[in-house]
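Beneath this line is the structure, given in structure tokens, with notes to follow.
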Ligand SMILES: COc1ccc([C@H]2[C@H](O)[C@H](O)[C@H](C)N2C)cc1
């Protein structure tokens, strides 16, 4: 064990209520919105091949020209309630919103820089109406904040000279000021999602970042901060030099999912996912594979089956409207969630052997198991292996709860649930009500033969 002053300060999951609620969200929305949505991945008729929110880093545009986009920020079709309603209809329980991305443009009227909405034609605060609209919709808000800030003169990628360190000291105070400002202006925010923390300059700030995290947690008890914010004094990120998770949950699952429970090391985690291969900000020309609703529903079920949450990204247009493809996905996913949300909300890893038909989830604190089916077996027989003392008292398709399904024990603690081929192309859920033979509530199917 390595002696660390600025490593992880907690072993194992947080057990407080705020984190227990976070653990049960299941499905969330990410919003990437800012000046980059105006060009939308294109400049002077030329397509930028990278991620649209990184267009400033393209040598096809002079930096100052990009920075002057602030004078074009006037999202006449921005409607915070419409965004929150879209998220509500999709079934999202939390939203992560970019307050400031790498370009340094602030969606709130920060006192610490002039590069904010206050100095755009729009003039008004964007964050306040958004936080209020999502709060009203019952969707918890997490504030995304990029430490790396290409607009601030004090930003450095590394600290090599005396000048660098003087400049970066000013930048560190600026960063602290903005974070305290955000927590003060939007006190209902449940957490902070940090980004832009991989460069050496920030990685070298183990003590400062640790103290800042402690200060923020004191200001906002219960605040949720993931593994992306700070490095330990050995320069280790996400996991400290003793391989213990930094922060409250693992934030490494960006555009990728764990495959088996061992991959998540017993930690809380969420996966943040783009609809195209790699576009967070609005890109006019979505290229390559655009994920379908069924793919995204499967990623949601897979995330919950492995003890995490799934966060789907939306990149609103420069005028503030949400593009029709994203609205359509929100509707399709929402239609599925309306019927099947019981298998997603407040569910966790079931601890059962994965089967080919799909994913198990388990209701937290209950005796219900859910089988989220994506690959219906041609036999209509769904294999289920249970721990020794667990029996099945009832089995039914979630959509038709009064029609019990026949359960056949084919080996000790191994069953076939029989369900004839369902019509349609939608994933569906089978519910198993279980009991432990140690307690005697209800009768157990044992040796049941069809
Ligand atoms: C260098 O590879 C990166 C760097 C930053 C990102 C940023 C994206 O712009 C988006 O904000 C995502 C959540 N974040 C990790 C993605 C890939």
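Every number here is computed from the coordinates shown, using simple stated rules; none is lab data. Computed from a predicted model, the values in this text were never measured in an experiment. Positions of Cβ are backbone-derived with ideal geometry, glycine not excepted, and every protein chain shown enters the neighbour counts.
Tabulated results
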item: Between the range 393-442 and the range 1-65, the Cα center-to-center distance that results, in Å; result: 41 Å
item: Max mean-square fluctuation residue, GNM over the chain, Cα-Cα springs under 10 Å, options 102, 289, 152; result: 289
item: Cα long-axis angle, helix 80-90 against the chain (0 to 90 degrees, to the nearest 10); result: 20 degrees
item: Gaussian network model of the chain, Cα within-10 Å springs - most flexible of 98, 292, 407; result: 292
item: Over the chain, relative contact order from alpha-carbon pairs under 8 Å, at least 6 apart, %; result: 17 percent
item: Nearest-ten-degree value, helix 324-340 long axis tilted from longest Cα axis of the chain; result: 30 degrees
item: Burial order of peptide ranges 273-280, 2-9 (average beta-carbon count within 10 Å, highest first); result: 273-280, 2-9
item: Order by protection proxy (mean Cβ within 10 Å, highest first), peptides 30-38, 160-168; result: 30-38, 160-168
item: Gaussian network model of the chain, Cα within-10 Å springs - most flexible of 288, 91, 104; result: 288
item: Cα-based helix-to-principal-axis angle, 206-219 vs the chain, degrees rounded to 10; result: 70 degrees
item: Highest average packing first - 358-365, 307-314, Cβ atoms within 10 Å; result: 307-314, 358-365
